[in-house]
Amino acid sequence: MDYSSLGPGLLVEADGPLRIVTMNRPEDLNSFDDGLHTAMRRVWELLVDDEDARAVVLTGAGRAFSAGGHVPNFIRNHNDLAARRRDIREGERLARAMLSCELPVVAAVNGPAVGLGCSLATMSDFVVMAEDTFMSDPHVAIGLVAGDGGAVTWPWLTSMLTAKEFILLGDRLPAADAARLGLCNRVVPADEVLDTAKAIAHRFATLPAQSTRDTKRALNMHLLDSANTVLNFALAAEYESFGTEDIKTRVAEFTAKATRRADSTPQAEKSL
């Protein structure tokens, strides 16, 4: 299977029967620009068609798993209705594609998993977290409806009350608490995250292929039913929230912060 069309932002490497999928935008904490967003949606279809693949490890390059939304896109989507529509539609397709992937997916959460990054972890089948990191879904706190997966998965993994607490308030959930509440399976030292995830994925890979894939499909039907109930409304509401006064204020704050950062950058560094 040729994964090169996914571009440099998403790398897929073979480790025997495993496919190691790495979000590869470390300079931006693996936030989702247009290229990574599209690649992450497409990769699940390619993985299912990869006849030699038996399990997947999903991780991030550098010090983050994923910071979620890309701030320039956030600003753009406030002003550009067509781009906003494309992003929302892509978010729906990504969530459905990942939940429909038949291969077991082990998330190696090597650093912060925020927003869409948090949703990717909770849509995985097994989650390994570094002991010094956290999950967070701050959509509501910045003025957006939590439309890209959290409202689908959290009530299944935790409880409705816990889901409401952390999705509405957007608080950081340290790894130990994530494990206690059911959002991750293992908490290990940071330098052991990837190896632990690979070891678990290799266990999945040795199981009989048909029984593993179809049992995962059966289990994920609960999540897909929830997606069918929740996702269209949540994403339509997220589309609407991009046009609110709260978001206008956030966009102004982000723009001012970006301007200050650019003005404080030495000229030599700007030219790099």
Problem set entry | the stretch 126-150, residues that are at pLDDT 95 or above and small (G, A, S) | A130, S136
For this session: Scan the stretch 143-191 residue by residue and report those that are in contact (Cβ under 8 Å) with a residue 60 or more places away in the chain, small (G, A, S), part of a helix (DSSP H, G or I) and in contact with a helix residue (DSSP H, G or I) (Cβ under 7 Å, 6 or more places away or on another chain).
Result: A151
For this session: Just need a number here: residues in the stretch 233-252 that are touching a helix residue (DSSP H, G or I) at 6+ places or on another chain (Cβ under 7 Å) and either under 30 Å from L47 (Cβ atoms) or of a type in the set (S, T, Y) (or both).
Result: 5
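One line per residue, one yes/no per condition, for (1) surrounded by fewer than 17 Cβ atoms within 10 Å (Cβ to Cβ); (2) within 18 Å of N232 (Cα to Cα); (3) over 13 Å from the mean Cα position of the chain (by Cα); (4) not charged (D, E, K, R):
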| site | (1), (2), (3), (4) |
| --- | --- |
| N79 | yes, no, yes, yes |
| I88 | no, yes, yes, yes |
| P104 | no, no, yes, yes |
| C118 | no, no, no, yes |
| M129 | no, no, yes, yes |
| L144 | no, yes, yes, yes |
Exercise. Under the condition of being over 13 Å from T133 (Cβ atoms) and of a type in the set (D, E, K, R), which residue from the stretch 167-185 is surrounded by the fewest Cβ atoms within 10 Å (Cβ to Cβ)?
Worked result: R180
Problem set entry | Of the criteria (1) in contact with a Phe, Trp or Tyr (Cβ under 9 Å, 6 or more places away or on another chain); (2) not in a loop (DSSP other than H, G, I, E, B); (3) not aliphatic (A, V, I, L, M), which one N30 fails | (2)
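Residue-wise test of (1) on the phi < 0 side of the Ramachandran plot; (2) over 14 Å from the mean Cα position of the chain (by Cα); (3) surrounded by fewer than 19 Cβ atoms within 10 Å (Cβ to Cβ).
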site: V12; (1), (2), (3): yes, yes, no
site: P17; (1), (2), (3): yes, yes, yes
site: V21; (1), (2), (3): yes, no, no
site: E27; (1), (2), (3): yes, yes, yes
site: N30; (1), (2), (3): no, no, no
site: W44; (1), (2), (3): yes, no, no
site: L47; (1), (2), (3): yes, yes, no
site: D52; (1), (2), (3): yes, yes, yes
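The values are calculated or read from the model by the stated rules, or taken from the named source; none is laboratory data. Predicted model only: the values in this text are computed from it and were never measured. Using ideal geometry, Cβ is built from the backbone for each residue, glycine included, and neighbour counts are taken over all protein chains shown.
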